[in-house]
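Down below is the structure, laid out as C-alpha cells.
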Amino acid sequence: MSLLKQWNWQGGCFGIWQLTESQEELRSRLSQNFNYEEELAGLKSLSRKMEYLGVRVLLKALSGKEMCIGHYASGKPYILSGEYQITISHTKGYIAVGIHPKWNIAMDIEYYGDRVKKVVSRFVRQDEMPGREYLSERLLIYQYLLHWSAKETLFKLLDTNEVDFLKHLYICPFTASEEGVFEAEEYRTEMNNHYQIHYMLRDDFVCTWTVDAETAE
C-alpha cells in the first residue's frame, strides 16, 4: 500500500492510498491491541476486507494513531472517541479518507471509466454542462465523473434522506483541469447552502472533497 497523496485544507487532513498489498500485510500495519477480526469476519468478499483494513491504515497515517470507527444508521462513519469528523470513500484499488477536528467534511473518489455515460441523465442537468457536445470523449467522461463524485460528496455532507441528484443538487458550470475548484448548491434543506468543491483528476480516478465550515458557524 502506498500513500499516493496527502494534503491539508481548511483545517482538515486528507489522503489517498493505492491498495497494492495483501490482507495480511495490511493487518500487520495495525496494532494487535485492536480486535478487528470480528468485524472482518462479517465481510464476505476479499475486496471489502481490503477496504476495511486500508481505511484504518490510512486513518492511522493521517492522524498518527489508531482509532475505532463506527457508523450511524444512515451509514455515515464517525470516530468513536469524537476526536475528529471523518469521511471515507473507496473505488477500484484506491482508498480516500479525510478528517477534521471540528467541522463536517465529505469526500468521494471514483474510478475512471465510460460506464458513467449510461446513467448520466440521472444526475446531470442540461444547464450544468452547457456545450458538452464540444468536449473530447476523455474530457467528457472526466466531467461526468466529477459531477457524480461532487454530488456524492454533497450527499454525504447533507446526511439526509430523499436527496434527488437532479432536483436537489446543482453544480455550477465549469471546465475541468488537472486540479481545481467549482461551485455547488443544494436545494434539499431550507438553508439552500452553497459549497466550494475541490477536485483532482488522475489517469484512473477523480476525487472531490469539501469542508462544511460555513454552516457549522
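Taken together, the values in this text are just the output of simple stated rules run on the coordinates, not laboratory data. Note that the structure is a prediction, hence the values are computed from the model and not measured. With ideal geometry, Cβ positions are generated from the backbone for all residues, glycine too; neighbour counts draw on all protein chains shown.
Residue check: LYS151 meets all listed conditions (1) of a type in the set (Lys, Arg); (2) over 17 Å from the mean Cα position of the chain (by Cα); (3) surrounded by 20 or more Cβ atoms within 10 Å (Cβ to Cβ) but one, namely (2). Residues in region 9-41 that are of a type in the set (Gly, Ala, Ser), touching a residue at least 60 places away in the same chain (Cβ under 8 Å) and at negative phi: GLY12, GLY15.
Residues that are of a type outside the set (A, V, I, L, M) and surrounded by 15 or more Cβ atoms within 10 Å (Cβ to Cβ) number at least 3 in the following helices (runs of 4 or more DSSP H) confined to region 1-113: 46-63.
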